[in-house]
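Please read the structure below before turning to the comments.
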Amino acid sequence: MDFIKNPKVDVGYLSVAAHDLGGEYIDFIKLNEDKHIFVIGDISGKGINASMSAVIMKSIVRTFLAETKDFKQLIQKVNVFIRNHLPKETFFAGVFGLMDFAENTLYYLNCGIPALLMYNQSYNNVIEVQGEGRVLGFVKNIEKLVKVKKLKLNPGDIILACTDGLLNAKNIRGEKFGKDRVQQSVVENLGFPAEKMSQFVYDQLLDFTSKELEDDISVLTIKCLSK
């Protein structure tokens, strides 16, 4: 994992398995001094099978990057690999992001991520920036179903992505944690480092459910510091 180390951003994340092994997937891949790829998502299934599929996917993404320079083509190749080489009915729901620090821009491709949020300092508000996308491994040709989106980043902006284990967790009344609580957590903890912001969302979830996790959880927070 090539963790992002750039003075323009502060990056923090956590990934927690509900049991000993899980299919949550986070990776950071350095392309050069100005460009960095991140991936966050969830491989379908539980336990060792999902964990092994996540390890294989992490490896194959890096292999494809060595031979593929086009961002969308990379996702197409990953989709075909999941469909043809991982266990039947294995899917990936997540997002691929390309940070371009020279342009202060995030290019991203939604592959069924349940929540991709952005706090905009100018408007002091958290909005969804999902974009169009489909889970990988479901259809043979995903070319027409996915689209690369672009976000211009400014100092003070915050990107947060999380998997469905966070959003769908329920309390004893059967209420879901949901996106609203995640958005509220971002606004309440703006002054903290990215790693703390990710941890606070998780801590609030534990308080909300008052019980052991039923599903794996991953959270990624990116704070923009300067141009």
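Here is a check on your reading of the model: is residue 28 farther than 27 Å from residue 139 by Cβ, modelled with pLDDT under 95 and under 16 Å from the mean Cα position of the chain (by Cα)? It is false that residue 28 is farther than 27 Å from residue 139 by Cβ, modelled with pLDDT under 95 and under 16 Å from the mean Cα position of the chain (by Cα). The set of residues from segment 171-203 being part of a helix (DSSP H, G or I), over 14 Å from residue 126 (Cα atoms) and open to solvent by 60 Å² or more (accessible area, probe 1.4 Å) comprises 195, 196, 199. Against the conditions (1) under 19 Å from residue 113 (Cα atoms); (2) touching a Ser or Thr at 6+ places or on another chain (Cβ under 6 Å), residue 83 satisfies every one except (2).
Here residue 18 fulfils each of the conditions (1) among the small types (Gly, Ala, Ser); (2) open to solvent by 30 Å² or more (accessible area, probe 1.4 Å); (3) not in a helix (DSSP H, G or I) apart from (2). Screening segment 212-227 for residues that are under 17 Å from residue 164 (Cα atoms) and in a loop (DSSP other than H, G, I, E, B) and picking the one that is most open to solvent (accessible area, probe 1.4 Å) gives 212. Among the residues of this structure, residue 151 does not count as one that is under 16 Å from the mean Cα position of the chain (by Cα) and under 22 Å from residue 24 (Cα atoms). When you scan segment 78-118, how many residues do you find that are assigned to a helix (DSSP H, G or I) and among the aromatic types (Phe, Trp, Tyr)? Result for segment 78-118: 1.
The values are calculated or read from the model by the stated rules, or taken from the named source; none is laboratory data. This is a predicted model, so every value here is computed, not measured. When we count neighbours, we look across all protein chains shown, and the Cβ atoms used for this are built from the backbone with ideal geometry, even at glycine. When the accessible area is computed, the model is the full protein with side chains, heavy atoms only, and any ligands, DNA or RNA have been set aside. Shrake-Rupley method; radii C 1.70, N 1.55, O 1.52, S 1.80 Å.
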